[in-house]
Amino acid sequence: MMNARTIRVALSSAVVLLLVNLISAAVAHDYALGELKIVRPWTHATPTGATTGVAYMSLTNTGSVPIRLTGASTPAAQRVEIHMMSVEGGVMRMRLVPGFDIAPGATVELEPGGMHLMLVGLNRQLHQEDAIPLTLAFGNGATISIDLHVEAIGGGPSAHNH
Ligand SMILES: [Cu+2]
């Protein structure tokens, strides 16, 4: 039987565990590949039957030469496309691009309403709190495998429709 003291001990170890989890989650969200920093890669949870997902992250080039993202892939989808957003006649449209440069010292934000990675032909549902592996490929031939953290469903870019 638990008395007040054992409950307190149990509670404080739960708090410690929570902190440890929060810290490792924060660390796990950032990656580095040479001079490139990849911060907070994430995606939205998807409803049942969804065929596409969208991934976002922040890419910073801390080096002195441009870094070009040339593609991405994930076991969770048939392919990953790089999409730009543009406004044509007052309507937001997505445009497929083969890649983009991150200039020296620059940060490129992949974010709702802006540039993003489109997970086309999802072969599984993306559940909140899951980690979805994603491989990024660069112009110099380098690749890095990262995890997309799956955030809650909704709150996504309203202009995003497929
Ligand atoms: Cu798109």
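The values are calculated or read from the model by the stated rules, or taken from the named source; none is laboratory data. Just so it is clear, the structure is predicted and the values come from calculations on it, not from any experiment. Here the Cβ is made from the backbone with ideal geometry for all residues, glycine too, and neighbour counts use every protein chain on show. Areas reflect the complete protein model, heavy atoms only, side chains present, ligands, DNA and RNA absent. Shrake-Rupley method; radii C 1.70, N 1.55, O 1.52, S 1.80 Å.
Which of the residues belonging to the range 69-91 are loosely packed, with under 15 Cβ neighbours inside 10 Å and either touching a residue at least 12 places away in the same chain (Cβ under 8 Å) or of a type outside the set (Asp, Glu) (or both)?
Hits for the range 69-91 are Pro75, Gln78, Arg79, Met84, Ser86, Val87, Gly89, Gly90, Val91.
Among (1) open to solvent by less than 30 Å² (accessible area, probe 1.4 Å); (2) more than 14 Å from the chain's Cα centre (by Cα), there is one condition Thr51 misses while meeting the rest; what is its number?
So the condition that Thr51 fails would be (1).
I want to confirm something. Restricting to the range 32-48 and keeping residues that are assigned to a strand (DSSP E or B) and within 24 Å of Leu122 (Cα to Cα), which single residue is most open to solvent (accessible area, probe 1.4 Å)?
Here the residue is Arg40.
Scan (1) more than 13 Å from the chain's Cα centre (by Cα); (2) modelled with pLDDT of 95 or more; (3) surrounded by 15 or more Cβ atoms within 10 Å (Cβ to Cβ) for the single condition His160 breaks and write down its number.
Of (1) more than 13 Å from the chain's Cα centre (by Cα); (2) modelled with pLDDT of 95 or more; (3) surrounded by 15 or more Cβ atoms within 10 Å (Cβ to Cβ), only one is false for His160: (2).
Would you be able to tell me the number of residues in the range 102-134 that are more than 16 Å from the chain's Cα centre (by Cα) and in a loop (DSSP other than H, G, I, E, B)?
Number satisfying all stated conditions: 6.
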